[in-house]
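**Student:** A single structure is presented below for examination.
The values are calculated or read from the model by the stated rules, or taken from the named source; none is laboratory data. For clarity, every value in this text was computed on a predicted model and none was experimentally measured. Here the Cβ positions follow ideal geometry from the backbone for every residue, glycine too, while neighbour counts run over all protein chains shown. Each accessible area value is taken on the protein alone, full model and side chains, heavy atoms only, with ligands, DNA and RNA left out. Shrake-Rupley method; radii C 1.70, N 1.55, O 1.52, S 1.80 Å.
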Amino acid sequence: MADEALFQFLHSELIQYIYKSGANGETENGKNITKLEAMGFRVGQGLIERFTKETPRFKDELDVMKFICKDFWTCLFKKQIDNLRTNHQGIYVLQDNSFRLLSQLSAGKQYLEHAPKYLAFTCGLVRGGLSDLGLKSVVTAEVAGMPACKFQVMIQKV
Amino acid sequence: MSRQSNRTTDNKKMNSELFTLTYGALVTQLCKDYENDEEVNKQLDKMGYNIGVRLIEDFLARSSVGRCQDFRETADVIAKVAFKMYLGVTPSVTNWSPAGDEFSLVLESNPLVDFVELPDNHNVLIYSNLLCGVLRGALEMVQMAVDVRFAQDTLRGDNVTEIRMKFIKRIEENLPYHIRFF
């Protein structure tokens, strides 16, 4: 089934819409990103809830992160995270060398300034997923050259 | 290790759930942003249109179906190939008008509304209106102007979801003057 194409189109429409409805400007840009992230959060929650229905309990934080990198990512983007690094103190860096939602954009640095809006939704997805698994976190994304990108997950201890 | 079980079967379903849930998030956002549901319907249709004009290219590339001889064939391709490919369901093509320019796509199940319940104050909202836009946009790119609307919707208590499609006209290619004559 080719519904991943459908999702990609919907995702870019979503961004279009959010950016058109909000006014432009530096602060507005932040607001738009927040909106997209919030939508992703809700979707992530729903997905992980359905996805982990049949799976056994996770051992620890790292186990959860591995699950996000492998299973969760494969389901959403048809590939695994290429590299997972951690400082073992609650910070994880997930590197994807060819992130699906950036693959339709020109590779390289020319449109780098537009990359964040294509990542906000996914940041939300991850944060939402983690929050349902009991991990409160802050997820940010960073792009040095498309289509590669890094997601930084900071787990907040309660 | 035990977590590895039955993963492959889940994969496809998950991906379509991602779409379904994202669509839900979008509609929710639209309902927040607009005062009345009619505006939301309009916006959904517009977004669908934008998706449709791009999706047709993806569709032709993937499916390698050729030119359709008549509207009946188009209807069949939409139902049996396109819906199957993108939404995983096969609607039935029924209720042809005598002139053969209007038909219904009847969906037993609509993947877009898998997790949806409409609250009472949204009775004008056509939740899946995106689909109309997609069909309209996609067909416009193959020179067909059509009118698409929801005739029945399971969300509003009907038994099935019915999309009514009406052929309006063939769009002639309006090439710029210099291409036409030289």
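**Student:** Which FRET efficiency, nearest 0.05, do B:Ser97 and B:Ala61 yield, Cβ-Cβ r, R0 41 Å?
**Tutor:** About 0.80, to the nearest 0.05.
**Student:** If contacts are Cα pairs under 8 angstrom and at least 6 residues apart, what is the relative contact order of the range A:103-158 in percent?
**Tutor:** Across the range A:103-158, relative contact order equals 37 percent.
**Student:** Relative contact order of chain B, please, whole-number percent, based on alpha carbon pairs below 8 angstrom and at least 6 residues apart.
**Tutor:** Once normalised by length, the contact order is 24 percent.
**Student:** Using Cα pairs closer than 8 Å and at least 6 residues apart in sequence, work out the relative contact order for the range A:4-156, in percent.
**Tutor:** 28
**Student:** Which value, in nm² and rounded to one decimal, describes the direction-averaged projected area of the C-alpha convex hull of the range A:1-123?
**Tutor:** With every direction weighted equally, the projected area is 9.2 nm².
**Student:** Moving to a separate point now. Rg and Dmax in Å for the range B:15-170, alpha carbons only: what are they?
**Tutor:** 15.2, 45
**Student:** Same structure again: Find, among the trypsin sites (Lys or Arg not before Pro) in the range A:61-158, those assigned to loop by DSSP (not H, G, I, E, B) with at most 15 other beta-carbon atoms within 10 angstrom.
**Tutor:** Sites meeting the loop and neighbour criteria: A:Lys78, A:Lys79, A:Lys109, A:Lys136, A:Lys157.
**Student:** Right, another one. Estimate the FRET efficiency between B:Lys42 and A:Met154 by the formula 1/(1 + (r/R0)^6), using the beta-carbon distance for r and 30 Å for R0, to the nearest 0.05.
**Tutor:** E(calc), rounded to 0.05, equals 0.15.
**Student:** Sketch the reach of a paramagnetic label on B:Lys166 as a point 7 Å from Cα along Cα-to-Cβ, and name the residues of the range B:69-94 whose backbone nitrogen lies under 15 Å away.
**Tutor:** So the set is empty, nothing qualifies.
**Student:** OK, next. Return the calculated 222 nm mean residue ellipticity for chain B, to the nearest 500 deg cm²/dmol, obtained by summing -39500 (n - 2.57) across DSSP H runs with n ≥ 4 and dividing by the residue count.
**Tutor:** The helix-only estimate for chain B comes to -14500 deg cm²/dmol at 222 nm.
**Student:** Also, I was wondering about something else. Note the angle between two axes, namely the Cα long axis of helix B:37-63 and the longest principal axis of the Cα atoms of chain B, as a number of degrees from 0 to 90, rounded to the nearest 10.
**Tutor:** 70
**Student:** In the range B:101-118, what residues drop by 50 Å² or more of accessible area when the other protein chains are put back, versus the chain on its own? Use 1.4 Å, and skip ligands and nucleic acids.
**Tutor:** Buried on complex formation: no residues.
**Student:** Next question, about the same structure. Can you give the three extents of the C-alpha atoms in the protein assembly as shown along their principal axes, from longest to shortest, in whole Å?
**Tutor:** 70, 53, 41
**Student:** Kirkwood hydrodynamic radius of the range B:22-100 from all distinct Cα pairs, in Å?
**Tutor:** Answer for the range B:22-100: a Kirkwood hydrodynamic radius of 14.9 Å.
**Student:** Ok, one more. Where does each of B:Glu57, A:Glu13 land when they are ordered by accessible area, with a 1.4 Å probe and the largest first?
**Tutor:** Result of the area sort, largest leading: B:Glu57, A:Glu13.
**Student:** Taking amide H positions as placed in the peptide plane 1.01 Å from N, state which residues far from A:Met146 in sequence (5 or more) or on other chains have amide H under 5 Å from it.
**Tutor:** For A:Met146, whose amide H was placed from the backbone, the distant partners under 5 Å are A:Gly108.
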